[in-house]
Amino acid sequence: MRPFPRPRDLAEARRLQEALRARVVLAGDPTPVRWVAALDASAKKGEGLFAVAVLWDRRAEGAVAAASAHVPESELFPYVPGYLSFREAAAYLAALSRLPRPPQALLVDGQGIAHPRGLGIAAHLGVHLDLPSVGLAKRRLFGQPAGPLAEEADAAVPLCGPPGSLGAANPACPGIQVGWVWRSRARVRPVFLSPGHRVGLPETLAFARGFPRATKLPEPLRLAHLLAGRARKNRQTGPLPLEW
DNA sequence: GCGACAG
DNA sequence: ATCTTGTCGC
């Protein structure tokens, strides 16, 4: 497994993002893919970071395996908005390598191209692994909704970035569409969806809608979030029991 | 200078 | 991300 580059400072990190942004492919449809990995992490001040990968079978609509990896505090890149991949991606790669089989697509907790330089963690990981990927963030980092979002479940509006953004033209956007604001369930705050790599904008929304949802988060991400918290509490690394 | 700011 | 008490609802 190719190591994930670790920049010495933010200037170098920024140069990496600016270079890799050109490699993002905004077309493709991961909807028919069977094996998807959902990625989330849990971190606490003195405990480092625990990353979890959940292997999800889209055909059976269920999780089949999960694994965690740990990065000690001393080795962690600091959290700086816009540079999340340099903090979390290496841990995700380690967790992914512990799954019983490699995934065919990724669903990542964070932004895809809805990012100041078009390279949020989902896009960065997708390019690094050359896998289709989608970002799903609970909060906004970049872009503005094209308009008000309907209250009903499953409503979505384009997320628009300024003219130079990495994305696609959309009449609903003054500039460029970089993602979607999506109300995954009724009466919940919307989430922010954006393409990572090798996926188009309409397909990004279709891909996310294809997962079962009991809460605002699609099931594989909800599970990854739950397991990440438990992995940290129990300092658990390696394969994780699903029924945990 | 001020506000915004994934996890 | 984490922290924190109560509260509402099944």
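No lab work stands behind these numbers, since they all come straight from the coordinates. What you see is a predicted model, and the numbers here were worked out from it, not measured in a lab. We place every Cβ from the backbone using ideal geometry, glycine too, and count neighbours over all the protein chains shown.
What shape does segment A:41-121 have by the C-alpha gyration tensor, where a ≥ b ≥ c are the square roots of the eigenvalues, rounded means a/c under 1.5, and otherwise prolate means a/b greater than b/c and oblate the rest?
oblate
Contact order normalised by length for chain A, with contacts defined as Cα pairs under 8 Å and 6 or more residues apart; what percent is it?
24 percent
Any idea how far apart A:THR215 and A:ARG6 come out in nm if each label point goes 7 Å out from Cα toward Cβ?
3.2 nm
Can you give me the distance in nm between label points at A:ARG101 and A:ARG34, each placed 7 Å from the Cα along the Cα-to-Cβ direction?
In this crude spin-label approximation the distance works out to 0.5 nm.
Based only on other Cβ atoms within 10 Å, what is the fewest-to-most ordering of A:TYR79, A:TYR92?
A:TYR79, A:TYR92
Based on other C-beta atoms within 10 Å, arrange A:TRP35, A:TRP182 from fewest to most.
In increasing order of surrounding Cβ atoms, one gets A:TRP35, A:TRP182.
So for each of A:183-190, A:103-110 I average, over its residues, the number of other beta carbons within 10 Å; can you give me the resulting order with the highest mean first?
The peptides rank, most packed first, as A:103-110, A:183-190.
To make sure I understand, if each residue's beta carbon is the centre and we count other beta carbons within 10 Å, what order do A:ILE113, A:ILE121, A:ILE176 fall in, fewest to most?
A:ILE176, A:ILE121, A:ILE113
Can you bin chain A into rounded, prolate or oblate? Criterion: square roots of the alpha carbon gyration tensor eigenvalues sorted a ≥ b ≥ c, rounded for a/c under 1.5, prolate for a/b above b/c, oblate for the rest.
oblate
Out of all DSSP beta bridges in chain A, what portion is antiparallel? Express it as a percent rounded to 5.
Roughly 85 percent of the DSSP beta bridges within chain A come out antiparallel.
How many lysine pairs in chain A, separated by 8 or more positions in sequence or lying on different chains, have Cα atoms less than 21 Å apart?
Close lysine pairs under the 21 Å cut-off: 4.
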